[in-house]
2 protein chains.
Amino acid sequence: MAHVEFWFDLASTYSYLSALRIEAAAAARGATVAWRPFLLGPVFKAQGWETSPFNLYPAKGRYMVRDMERLARARDLAFRLPTPFPQNSLKAARMALVGADRGWTAAFVKAVFVAEFQDGADISDPSVLAGVCSKLGLDFRSILAASEAPDLKQRLRDATDEAMRRGIFGAPTFVTQDGEVFWGDDRLESAFDWNGGPKKERSE
Amino acid sequence: MAHVEFWFDLASTYSYLSALRIEAAAAARGATVAWRPFLLGPVFKAQGWETSPFNLYPAKGRYMVRDMERLARARDLAFRLPTPFPQNSLKAARMALVGADRGWTAAFVKAVFVAEFQDGADISDPSVLAGVCSKLGLDFRSILAASEAPDLKQRLRDATDEAMRRGIFGAPTFVTQDGEVFWGDDRLESAFDWNGGPKKERSE
């Protein structure tokens, strides 16, 4: 049974697309998913970037917005770019990690992405995160407290370090059990279908 | 009938993949292709880069090589990264433009990509380009002379300026008749199938 690690940053546009479809892709293949929140900020800083490449390189940023609009429309999803972009995803990422031991990370992450990229909410705003928790029947105060414990903060730092060690430089990234790395929402299927070697493509 | 502009740099790995499959993709749809050589160098310089992002960002570069290996194998293509990477594609790009008026640009470009990414040849070496011409029954000396005429050199500069004006920041890039821009070999089909709006995806 295929098992894929789904590495994402809660501020990442293309991670939003993957989060909303990865469970169906896994179910269609009898595969499983590990949701792995991390922070792109330190990864970008290690490359000398102080913000998203979509801000540093305006042509690339304009293209991303148009590409997201096209993909979202094709998938019947709303999409808007939040202000500011990228959002500060630190609090939300820590809370998502709290859920890893409690079984609600996937539901929480999807709800945060919807608030951010459909409703345009600021996901660094505690009231937005409280709203997400409320919708899911989760206790915001206890989760926030757990997310601010030193060991939890360290867990997120460790996850981000692990991402860099494994060669992850963007999000979403999918990692197979044998360590094969696939970058980008476009490669989601390739990760699930990886089987120790590339599959032959259907020729046109 | 769909018509797609195929913008490529002869030093670009993913452009190699697209060059070898775009004619079949067009034929399958009764569509046509305009082969548009340009230079990524000035585009990268305008973004503050002195070389390929695959060299500037080593994790991204390592990933690209692995991704190319996987894609090439899935398509029954050989792939090796030439030394140096990226190659200097100026001479080859000028020669490709000479072919635009004479009907052999596509054949020339495919042969240059094969020499570069299958045989590991240095495409800035005139003897390599002479070998490509010889295989295709083209007169290398007259093409080289035509490629060094001031108006031809200007045409390549104009093409690169046009690429930047149209928002192109990487290669391959596909542009539809209504100006829709699709970046990357992954988006080749999307460009041909664009029809004033995104197509619904088949749900899983």
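A short reminder: the numbers here are calculations on the coordinates, not readings from a lab. Worth saying up front: this structure is predicted, and the values here are computed from it rather than measured. Cβ coordinates were reconstructed from backbone atoms using ideal geometry, including for glycine residues, and neighbour counts include every protein chain displayed.
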Q) Could you give, in nm with one decimal, how far A:ASP161 is from each other copy of that position, shortest first, with labels 7 Å out from Cα toward Cβ? A) 5.2
Q. Using a basic spin-label model with each label point 7 Å from the Cα along Cα→Cβ, how many nm lie between B:ASN88 and A:ASN88?
A. 4.9 nm
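Which of the pairs B:LYS91/B:LYS153; A:LYS60/B:LYS91; A:LYS153/B:LYS60; B:LYS91/B:LYS135 have their Cα atoms more than 20 Å apart in this structure?
Values: B:LYS91/B:LYS153 10 Å; A:LYS60/B:LYS91 27 Å; A:LYS153/B:LYS60 27 Å; B:LYS91/B:LYS135 18 Å.
A:LYS60/B:LYS91; A:LYS153/B:LYS60, as the Cα separations exceed 20 Å there.
How big, on average over all directions, is the shadow cast by the Cα convex hull of chain A, in nm²?
Numbers: hull surface 49.1 nm².
Dividing the Cα hull surface by four gives the mean projection, 12.3 nm².
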**Q.** For segment B:25-137, convex hull volume per residue from C-alpha positions, Å³
**A.** 136 Å³
Q) Over the Cα atoms of segment B:1-91, what is the Rg over Rh ratio if Rh follows Kirkwood? A) 1.00
Q.
Taking the rotation axis that maps chain A onto chain B, which residue of A brings its Cβ closest to that axis, and at what distance in whole Å?
A. A:ASP186, 2
Q: State, to one decimal in nm and shortest first, how far the label point of A:ALA74 sits from each corresponding label point in the other identical copies (label point: 7 angstrom along Cα-to-Cβ).
A: 1.5
**Q.** Under-5 Å amide H pairs with B:VAL33, H placed in peptide plane, nonlocal only
**A.** B:VAL4
Q: List, largest first, the extents of the alpha carbons of the protein assembly as shown along their principal axes, each in whole Å.
A: 77, 40, 40
**Q.** Using θ = phi - 60° and Karplus 6.51 cos²θ - 1.76 cosθ + 1.60, couplings along segment B:37-53 (whole Hz; Gly, Pro as x)
**A.** x, 8, 10, 6, x, x, 5, 5, 4, 5, 8, x, 9, 8, 8, 5, x
Q.
Distances in nm, one decimal, shortest first, from B:ASN55 to the same residue in every other copy, taking the label point 7 angstrom along Cα→Cβ.
A. 2.9
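Could you please tell me the mean projected area of the C-alpha convex hull for segment B:90-182, averaged over all directions and given in square nanometres to one decimal? Could the numbers behind the result be given before it?
On the way: hull surface 26.0 nm².
Average of the hull's projected areas for segment B:90-182 equals 6.5 nm².
If you count, for every residue in B:60-73, the Cβ atoms of partner chains within 10 Å of its Cβ, what is the mean?
Numbers: counts 5, 1, 3, 8, 1, 0, 4, 6, 0, 1, 8, 3, 1, 4.
So the per-residue partner count for this stretch is 3.
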(Q) Between segment A:72-89 and segment B:63-96, how far is it from one alpha carbon centroid to the other, in angstrom? (A) 34 Å
(Q) Apply the Karplus curve 6.51 cos²θ - 1.76 cosθ + 1.60, θ = phi - 60°, to the phi angles in segment B:82-96 and return the couplings in whole Hz, x for Gly and Pro. (A) x, 10, x, 10, x, 6, 7, 9, 4, 4, 5, 5, 4, 5, 4
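At 222 nm, what value in deg cm²/dmol follows for chain B if DSSP H runs of at least 4 each add -39500 (n - 2.57) and the sum is divided by all its residues, to the nearest 500?
Numbers: 11 runs with 105 residues, N = 204.
Rounded to the nearest 500, it is -15000 deg cm²/dmol.
How do the peptides B:94-102, A:28-36, A:83-91 rank, highest first, by the average count of neighbouring beta carbon atoms within 10 Å per residue? Let's see the in-between values first.
Details: B:94-102: 19.8, A:28-36: 15.6, A:83-91: 17.3.
The peptides rank, most packed first, as B:94-102, A:83-91, A:28-36.
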Q) Relative to the Cα centre, what is the charge dipole magnitude of segment A:3-193, using +1 at the beta carbon of each Lys and Arg, -1 at the beta carbon of each Asp and Glu, and rounding to the nearest 20 debye? A) 280 debye
